[in-house]
Amino acid sequence: MELERLVVVWCPELQQEGARGEEARRFVQVVARAGELCPWAHPIRLGVCALPARGPARFFGGEEMVVSRLVEVVGEDAHVGVADGLFAAVLAARARLIVPAGEVRQFLAPWSVATLARPELAVTLQRLGVITLGQFAALPSPHVSDRFGADAAAAHLVARGESGELAGIRDRSIERRLRVARGEDPDLGSAPPPYQPGFFGGASAADTRAALSFARVQDRLGIEAVLLGRVQGGRDPAEQATLVPWGSPEAGAVPTGGAPWPGRLPAPSPTAVLRVPRRVEVVDAAGLALEVSGRGLLNGEPARLSVEGGPWQDVTAWAGPWPVTERWWSVRRRRARVQAVTADGVARLLCAERAQWWVEALYD
Amino acid sequence: MFAFGQQKGAAPRSRELPAGLADRVRPTTPVAGRLLPVPAPLAPLFPDRALRRGTTTTVAGLPGHGATTLALALLAAASQAGSWCAAVGLPDPGVVAAAELGIDLRRVVFVPHPGSGWAEAAGDLLPGVDVVLVRPPGRARQTAARHLSARARERQAALVVLVDHVNEWPEGGDLALSVGAIEWEGVGRGHGHLQGRRAEVRVSGRRSAGRAMECTLWLPAGSGVVAARAEDGPAEGEDGPAEGEDGPAGTGSGEGPEAA
């Protein structure tokens, strides 16, 4: 599972609420200023606030720029870090580091098991000679869940860099505490943040219930885990639709949908559009690799195919090729699409660029 | 005896409730409210001709045999009727296909990559939405399956489980749909385009009242919706579709894309 890339702002001075509530008020300011950089900044617990990294990094020209902008605008003694998943991002902030994408596990390895904030588990592990997250991650998962239970299994996933969420990282009462600090009515809007105000011209009880459940899933898996589909114009199956996070500003936009778009394949459309196309080999009856010419024609008839080195399957029916010439104004790409049905009845949408073939989508 | 008669006589008076009160004392969950609509061609598969709230329906089929199409189609009418729906664990959902099946995209959230948290995510969603479609990453654990079915019952949501084989859902559903033999129409050797998939769908399970039923459906037909076979509808005990008698609904002629 791909973890959401997060920027975390960690203000060590604001972690503990003092007698006068000064810290919470200052933290409100931190969240508000971070929110000026990215509307998605959200408080995690007192002194810790997170924002998705992707959008702002694109806008400001890199994660380094986002980090330096944040340090500038926040105005407190703020440590800022970037990593995949919330747990690693908080540690990265403490260390003021940008952890490259995909290297969470290596980054976490030297940290102590105590960082998991599970004292009993940490003591037991340390007695067993397991001191770092790296050593903990190296234990086989089934053993961890058998020996230590479900919560430790969740912590184990975090140590392996496969999950970023751990019970206890997020303070569920933080929104309420900040409302108090802002001098607002703490119970006002304790019903979920109306992510989608007026989406259908006012939320019904069912909408509120649904919103609550989506927010719970987002708490568990990250904001980008809950998505709404949007249909738009486009030739590619991948271009015709987008998935936008539920609650994001784009999610409220009216879908244009259904506009005729020249060059798109006729219905029915594939039920699985692969984000990462799979390599496939396609040969003719003589076993020669099939190619698409510059004019979008095939040099033979597809007879067999093998997906990602898998077993060869006979092609029983096929249609196409439909040549695709896109972005002719920038990069001239000659591609062609073929629908292919194999002997097992499976229909795939294949795309070829010269001699390289890909499975783009499946009709399941 | 006499006393009963008198009571009977008194009954009509008690029916003369003020209209407002009569409205308020209606059962809070009318029978119709316990059912969630499904597209008309799928109605014969269900004993109630609709998805019943609180039940678990499994949809099984080998990859490529149209089980995803069938499972997504179960969200179509409910989402159009205003119910919130969710699809958990479909890694690369075909949004256009979903729209073609009649799903109201404004009412369906996708959780494509729940990882090992699929059961928890589905459990979080059951209290909030009317239909949860979940695809477990492999054979589901017994505890997870039992927990989800129980939660669906308790929260009066419909749980739809998409699996490769019905054994992968250890609890067994109240209703089990499985896709058997399929055949694609409209595509030849180098001509036409995929127009429709004729699929044999078998129904069994606790709630099917013991009658195993089979019918042939278009999963999907040419326009992308699901459809019953043209003239005869669901056919019980018929051995497979006859050859070439009814083409898929929708566009004919394989002229391919409108432009190149």
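FYI, it's all coordinate maths here, none of it is from the lab. Since we're looking at a predicted model, the values are computed, not measured. Cβ placement follows ideal geometry from the backbone for every residue including glycine, while neighbour counts extend to all protein chains displayed.
Label separation (A:Val73 vs A:Arg94): 2.7 nm, computed from points 7 Å beyond Cα along the C-beta direction.
For region A:1-144, what class follows from the C-alpha gyration tensor (a ≥ b ≥ c being the square roots of its eigenvalues): rounded when a/c is under 1.5, otherwise prolate if a/b is larger than b/c, else oblate? The shape class here is oblate. Peptide A:216-228 has a mean of 6 when you count, residue by residue, the C-beta atoms of other protein chains within 10 Å of its C-beta.
At full extension, A:Val276 and A:Gln356 could sit 27.3 nm farther apart than now, given 0.36 nm per residue minus the alpha carbon distance.
How tilted is helix A:205-221 with respect to the longest principal axis of chain A? Cα atoms for both, answer in degrees (0 to 90, nearest 10). Once rounded, one gets 90 degrees. Once the chain from A:Ala205 to A:Met65 is taken as fully extended at 0.36 nm per residue, the excess over their C-alpha distance is 46.1 nm. Helix A:63-74 and the long axis of chain A differ in direction by around 30°, with both axes built from C-alpha atoms. Just to check, using Stokes-Einstein with a Kirkwood Rh over alpha carbon pairs, what's the diffusion coefficient of region A:63-154 at 10 °C and 1.306 mPa s in µm²/s? Answer from the Stokes-Einstein relation: 109 µm²/s.
Note on chain A: with a GNM built from Cα contacts shorter than 10 Å, the maximum mean-square fluctuation among A:Gly222, A:Gly310, A:Gly102 falls on A:Gly310. Considering only Cα atoms, the convex hull volume of region A:1-63 works out to 85 Å³ per residue. The string of couplings for region A:358-364 from the Karplus curve (6.51, -1.76, 1.60, θ = phi - 60°) is 9, 8, 8, 7, 10, 9, 9 Hz, one whole number per residue in order, with x for Gly and Pro. Positive-end ranking of A:Trp111, A:Ser141, A:His42 along the dipole of chain A, with charges on Cβ about the Cα centre, is headed by A:His42. Counting Cβ atoms of other protein chains within 10 Å of each residue's Cβ and taking the mean over peptide B:74-84 gives 1. Our compactness index for chain A, the C-alpha radius of gyration over the empirical 2.2 N^0.38 Å, is 1.23.
When chain A is treated as a Gaussian network with alpha carbon springs shorter than 10 Å, the biggest mean-square fluctuation among A:Gly62, A:Gly35, A:Gly309 belongs to A:Gly309.
In this simple spin-label model, placing a label point 7 Å from the Cα along the Cα-to-Cβ direction at both A:Ser293 and A:Val180 gives a separation of 7.7 nm. If you model region B:82-135 as an ellipsoid using its alpha carbon gyration tensor, with each semi-axis the square root of five times an eigenvalue, the axes come out at 19, 14, 6 Å, biggest first.
When the GluC sites (Glu not before Pro) in region A:34-127 are filtered for DSSP coil states and for at most 14 other beta-carbon atoms within 10 Å of their beta-carbon, the remaining sites are A:Glu103.
Plainly put, region B:102-233 has a radius of gyration that is 1.02 times its Kirkwood radius, both from alpha-carbon atoms, as the Rg/Rh ratio.
Cβ crowding within 10 Å ranks A:Val123, B:Val96 as A:Val123, B:Val96, fewest other Cβ atoms first. If R₀ is 22 angstrom, what is the calculated FRET efficiency for the pair A:Gln135 and A:Ala101, using the beta carbon separation as r and rounding to 0.05? Efficiency, from the Cβ-Cβ distance: 0.35. This ranking places B:Met213, A:Met65 by how few other beta-carbon atoms lie within 10 Å of each, fewest first, which gives A:Met65, B:Met213. Suppose a student asked you for the relative contact order of region B:78-233, using Cα pairs under 8 Å spaced at least 6 residues apart; what percent would you report? Across region B:78-233, relative contact order equals 17 percent.
Between A:Glu120 and B:Ala40, the simple spin-label model (points 7 angstrom out along Cα→Cβ) gives 6.0 nm. With contacts taken as Cα pairs under 8 Å at a separation of at least 6 residues, chain A carries a relative contact order of 10 percent. Axis angle, to the nearest 10 degrees, between helix A:22-37 and the longest C-alpha principal axis of chain A: 20 degrees. Working note: Cα gyration tensor of region A:62-104, eigenvalues times five, square-rooted, sorted largest first, giving semi-axes of 18, 11, 6 Å. The relative contact order of region B:46-145, computed from alpha carbon pairs under 8 Å that lie at least 6 residues apart in sequence, is 29 percent.
Scanning chain A for trypsin sites (Lys or Arg not before Pro) lying in DSSP loops with no more than 15 further Cβ atoms inside 10 Å, the longest uninterrupted stretch between such sites is A:183-294. Taking other Cβ atoms within 10 Å as a rough exposure proxy, A:Ile131, A:Ile44 sort from fewest to most as A:Ile131, A:Ile44.
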